[in-house]
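Q: Sharing a structure with you now.
The values are calculated or read from the model by the stated rules, or taken from the named source; none is laboratory data. Predicted model only: the values in this text are computed from it and were never measured. Note that we place each Cβ from the backbone using ideal geometry, even for glycine, and neighbour counts take in every protein chain shown. When the accessible area is computed, the model is the full protein with side chains, heavy atoms only, and any ligands, DNA or RNA have been set aside. Shrake-Rupley method; radii C 1.70, N 1.55, O 1.52, S 1.80 Å.
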Amino acid sequence: KRERRVLVMRPDRENTFNHTENIKFLVYMLENILWKSRTEREARGSSADLAPEQIVILIDFTKWTRKVAVPMATARETLSILQNHYPERLGVAVCFNPPTIFRIFWSIISPFIDPKTYTKIVFVNPKKKEKAAALMAAIFRVDAVDADMGGNVDPTWNYDDYAKHMIDYDAKRAAIIATWS
């Protein structure tokens, strides 16, 4: 609702446990989410000339299991990157439907979280429907959230479409950067 960009993560779709590649992908996604052009923002309904500097990270834990959990070293480095290399870029992180086992994981990593960052983390339990709906509505427009998280957007995801979009997007960004030299 504050026109921040949203990075949606779905850990159940994890397909690699390669620490280095996961960290590279995280940085790639953070750089891309912070890059969007004015036209792309307008297409999503923004009228601002400049992008909001803070982002929202929405993590859907609905199908998360220990089998698809990232290694502890990757989780710690992710926190380090967010806190130390993108200071004050996190507006809010929403952990949607974290499983009970996640409480143990959270208790292990939470001491490594900067106190200011810690206050920006929100847990949403869809089993408590009214509270979950109120939390999601306070942060997101329903037309910008997937239906499986309480919004109106079709949650179907097509890897080939996404890959093509990112290849085109990278080429567009490279062309703009090339004009700078």
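Q: So who's got an amide H within less than 5 Å of the one on Ile55, skipping anything under 5 residues away but keeping other chains? H placed 1.01 Å off N, in plane.
A: Residues meeting the criterion, in which the H sits 1.01 Å from N, are Leu90, Gly91, Val92.
Q: With +1 assigned to the C-beta of every Lys and Arg and -1 to the C-beta of every Asp and Glu, and no other charges, what is the dipole magnitude of segment 114-181 about the Cα centre in debye, to the nearest 20? Kindly include the intermediate steps, with their values, before the conclusion.
A: Details: 10 positive and 10 negative charges, 94 e Å.
Charge dipole of segment 114-181: 440 debye, to the nearest 20.
Q: Another question, if that's okay. Using the Cα centre as the reference, give the magnitude of the dipole from point charges on the C-beta atoms of the chain (Lys, Arg: +1; Asp, Glu: -1; all else neutral), rounded to the nearest 20 debye. Could the numbers behind the result be given before it?
A: On the way: 27 positive and 22 negative charges, 122 e Å.
So the magnitude is around 580 debye.
Q: Something else: Just the number please: accessible area per residue for the chain, 1.4 Å probe, all protein chains included, in Å². Walk me through the numbers before you get to the answer.
A: Values: 11380 Å² over 181 residues.
For the chain, the per-residue accessible area is 63 Å².
Q: Still on this model: State the percentage of accessible surface on the chain attributable to carbon and sulfur atoms; use a 1.4 Å probe and exclude ligands, DNA and RNA.
A: Details: 6510 of 11380 Å².
C and S fraction of accessible area: 57 percent.
Q: Please find the FRET efficiency linking His85 to Tyr162, where r is the Cβ-Cβ separation and R0 is fixed at 22 Å, and quote it to the nearest 0.05.
A: 0.35
Q: Relative to the longest principal axis of the chain, what angle (0 to 90°, nearest 10) does the C-alpha long axis of helix 159-178 take?
A: That helix lies at roughly 50 degrees to the long axis.
Q: Taking each pair of distinct Cα atoms in the chain once, what is the resulting Kirkwood hydrodynamic radius in Å? Please list the in-between numbers first.
A: Working: mean 1/r = 0.0565 Å⁻¹.
One decimal place: 17.7 Å for the Kirkwood radius.
Q: Once Lys and Arg get +1 and Asp and Glu get -1 on their Cβ, which of Thr100, Ile23, Ser80 lies farthest toward the positive end of the dipole of the chain?
A: The residue sitting most towards the positive pole is Thr100.
Q: Using alpha-carbon positions, what is the distance between the centroids of segment 119-169 and segment 61-101, in Å?
A: The distance from the Cα centre of segment 119-169 to that of segment 61-101 comes to 16 Å.
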